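*Asks:* The structure's right below; bear with me while I get my questions together.
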Amino acid sequence: MDKIFVTKSFLPPKAEYDDYIQKIFETHHLTNYGLLEAALQNKLSTYLNTKHICLTANGTLALMIALRHAGLSGKKVITTPFTYVATLSALLWEGCIPIFADIDQNTLCINPKSIKHILIKHPDAAGIVPVHVFGNACDTVGIQAICHKHNLTCIYDAAHAFGATLYNRSLMDYGDFAIGSFHATKLFHTVEGGCIISHTDQDQQNISLHHAFGHIQDDYYTLGINAKLSEIHAAMGLAILPHLPNIIAKRKKICDLYDDLLPLDILKRPHFHDDLDYNYAYYPIQFPDEASLCTVKMALEAHNIFPRRYFYPSLTTLSYLPTISKNCECPIADRTALTSLCLPLYPDLSEEKIKQITSIICAHIHT
Ligand SMILES: *Cc1c(COP(=O)(O)O)cnc(C)c1O
């Protein structure tokens, strides 16, 4: 019996990918400012309606570079414990001190009230990295007001936000900077890849310099790193991008079917932002308690269905945090991490499978 995982990476028709690969074999241009990278950058700029986008080797390096470019390395930065570990890793790798603010229990995104509270204890925080969790939109208006008042630089982790719009503007376009991830498990991918979105020509130039060793030819400007996206990776992105509207439409159908078939009086769904045009990146559900989550997860696994506990454990519990981060209290995030499960979601997941998944859940949720 085939195993069903939380996601299955989308692959374009092979001929469409081969056309781009053929170009690489003709030009021998494999990486470093190649034609395919430039073409993808152009198309993403149009798709996301954002002028300044730098493509990177992955989303983690994108966040590290954005933090460094914004001058946040080594400083206190407020973030959420309910996210993928990469958000935290990038902060720690840049020597930042992560200060956790709690999440809103309905949206699962960082709660502006908690940010305000944290700032009383940590008025020296220099920046904030909120996460658009599961493609839901943060309270961008509330966060912007706080950033303005406290002079904080805001870098959105928009790794889940591709294709979503908030107030008819790309969700990846908010904040001083935003980073994206094009990892194979994400809605849009280049196998491995990512991006940094900024808002001025100067930012774009400096970020681009950082992602390519900090030099142009024989002129060395700054300490850079290697975070370039190769032509092979760009080819995958170019072949997938035209399928995006179709991918999102199919995901929406699956989510609607889950909505219809699940006992949503017992299982809770996040409240999605009212002005969000959602991308259907994930299908998270909240159990009443951890025990019922484990019962259902085991029952599904017995049928070769493997949902994921996104995001478990709460990042506040990790052993390698500085004490100051460990001491941040985030009861809602900690509880959410214990009770949150993401169900399988990808375009060719069959209706039959969804019915099987939901009936197993229904059979085990009361026990
Ligand atoms: C996937 C992800 C990242 C990191 O992306 P990579 O491209 O895998 O390095 C960062 N933040 C969040 C929330 C993610 O889900």
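*Asks:* Taking P307, is it of a type outside the set (D, E, K, R) and surrounded by fewer than 19 Cβ atoms within 10 Å (Cβ to Cβ)? Step through it out loud before you land on a result.
*Replies:* Numbers: of a type outside the set (D, E, K, R): yes; surrounded by fewer than 19 Cβ atoms within 10 Å (Cβ to Cβ): no.
Judged against the criteria, P307 is not a match.
*Asks:* Residue check: is L229 hydrophobic (A, V, I, L, M, F, W, C) and either in contact with a strand residue (DSSP E or B) (Cβ under 6 Å, 6 or more places away or on another chain) or within 18 Å of D157 (Cα to Cα) (or both)? Write out each step before concluding.
*Replies:* Numbers: hydrophobic (A, V, I, L, M, F, W, C): yes; either in contact with a strand residue (DSSP E or B) (Cβ under 6 Å, 6 or more places away or on another chain) or within 18 Å of D157 (Cα to Cα) (or both): yes.
Yes: the conditions hold for L229.
*Asks:* Of everything in the range 3-32 that's surrounded by fewer than 16 Cβ atoms within 10 Å (Cβ to Cβ) and in contact with a strand residue (DSSP E or B) (Cβ under 8 Å, 6 or more places away or on another chain), which residue is farthest from C255 (Cα to Cα)?
*Replies:* N32
*Asks:* While we're looking at this one, here's another question. Cβ-Cβ under 7 Å, sequence separation 6+ or interchain: first residue in the range 349-361 and part of a loop (DSSP other than H, G, I, E, B), partner modelled with pLDDT of 95 or more. Which pairs?
*Replies:* Short answer, once both residue conditions are applied: L349/I254.
*Asks:* Report whether or not I232 is more than 12 Å from the ligand (Cβ to nearest atom), more than 23 Å from N106 (Cα to Cα) and part of a strand (DSSP E or B).
*Replies:* On the way: more than 12 Å from the ligand (Cβ to nearest atom): yes; more than 23 Å from N106 (Cα to Cα): yes; part of a strand (DSSP E or B): no.
In short, no.
*Asks:* Could I ask something else about it? Could you say whether any residue in the range 194-204 is under 10 Å from the mean Cα position of the chain (by Cα) and among the hydrophobic types (A, V, I, L, M, F, W, C)?
*Replies:* No.
*Asks:* Can you tell me how many residues within the range 167-197 are away from the ligand (no atom under 16 Å from the Cβ), over 24 Å from L345 (Cα atoms) and not aromatic (F, W, Y)? Even if it seems obvious, please write down each step before you answer.
*Replies:* Let us first name the residues in the range 167-197 that are away from the ligand (no atom under 16 Å from the Cβ), namely 167-170, 173, 176.
Among the residues that remain, those that are also over 24 Å from L345 (Cα atoms) are: 167-169, 173, 176.
Keeping just the survivors that are not aromatic (F, W, Y) gives 168-169, 173, 176.
Total meeting the criteria: 4.
*Asks:* What single numbered condition from (1) touching a residue at least 60 places away in the same chain (Cβ under 8 Å); (2) of a type outside the set (S, T, N, Q); (3) over 24 Å from V133 (Cα atoms) fails to hold for K14?
*Replies:* Only one criterion in (1) touching a residue at least 60 places away in the same chain (Cβ under 8 Å); (2) of a type outside the set (S, T, N, Q); (3) over 24 Å from V133 (Cα atoms) is unmet by K14, namely (1).
Residue-by-condition table, conditions (1) assigned to a helix (DSSP H, G or I); (2) charged (D, E, K, R); (3) over 26 Å from L187 (Cβ atoms):
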| site | (1), (2), (3) |
| --- | --- |
| K8 | no, yes, no |
| L11 | no, no, no |
| S45 | yes, no, no |
| T60 | yes, no, no |
| G71 | no, no, yes |
| T83 | no, no, no |
| L92 | yes, no, yes |
| I99 | no, no, yes |
| T107 | no, no, no |
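For (1) within 16 Å of the ligand (Cβ to nearest atom); (2) in contact with a Phe, Trp or Tyr (Cβ under 8 Å, 6 or more places away or on another chain); (3) within 24 Å of A86 (Cα to Cα), each residue gets a yes or a no:
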position	(1), (2), (3)
I4	no, yes, no
F10	yes, yes, yes
P13	no, no, no
T46	no, no, no
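*Asks:* Another one. Return a yes/no flag: does the range 198-220 have any residue that is in a strand (DSSP E or B), at pLDDT 95 or above and within 16 Å of the ligand (Cβ to nearest atom).
*Replies:* For the range 198-220, residues in a strand (DSSP E or B), at pLDDT 95 or above and within 16 Å of the ligand (Cβ to nearest atom): absent.
*Asks:* Just to check your reading of the model, which residue among A164, A137, A184, A159 is closer than 22 Å to Y84 by Cβ, surrounded by fewer than 18 Cβ atoms within 10 Å (Cβ to Cβ), under 19 Å from the mean Cα position of the chain (by Cα) and in contact (Cβ under 8 Å) with a residue 24 or more places away in the chain? Please lay out each step first, then the result.
*Replies:* Working: A164 fails: surrounded by fewer than 18 Cβ atoms within 10 Å (Cβ to Cβ); A137 fails: surrounded by fewer than 18 Cβ atoms within 10 Å (Cβ to Cβ); A159 fails: surrounded by fewer than 18 Cβ atoms within 10 Å (Cβ to Cβ).
That would be A184, the only listed residue that is closer than 22 Å to Y84 by Cβ, surrounded by fewer than 18 Cβ atoms within 10 Å (Cβ to Cβ), under 19 Å from the mean Cα position of the chain (by Cα) and in contact (Cβ under 8 Å) with a residue 24 or more places away in the chain.
*Asks:* Could you tell me which numbered condition L67 fails, if it satisfies all but one of (1) closer than 18 Å to F182 by Cα; (2) assigned to a helix (DSSP H, G or I); (3) within 16 Å of the ligand (Cβ to nearest atom)?
*Replies:* (1)
*Asks:* How many residues are in contact (Cβ under 8 Å) with a residue 60 or more places away in the chain and acidic (D, E) when one looks only at the range 257-297?
*Replies:* 2
*Asks:* I need the full set of residues from the range 70-91 which are in contact with a Pro (Cβ under 8 Å, 6 or more places away or on another chain) and either within 13 Å of the ligand (Cβ to nearest atom) or without any contact (Cβ under 8 Å) to a residue 40 or more places away in the chain (or both), in order please.
*Replies:* T79, T80, L88, L91
The values are calculated or read from the model by the stated rules, or taken from the named source; none is laboratory data. Note that the coordinates shown come from a computational prediction; the quantities given were computed from them, not determined experimentally. Quick reminder, even Gly has a Cβ in these numbers, built from the backbone with ideal geometry, and neighbours come from all protein chains shown.
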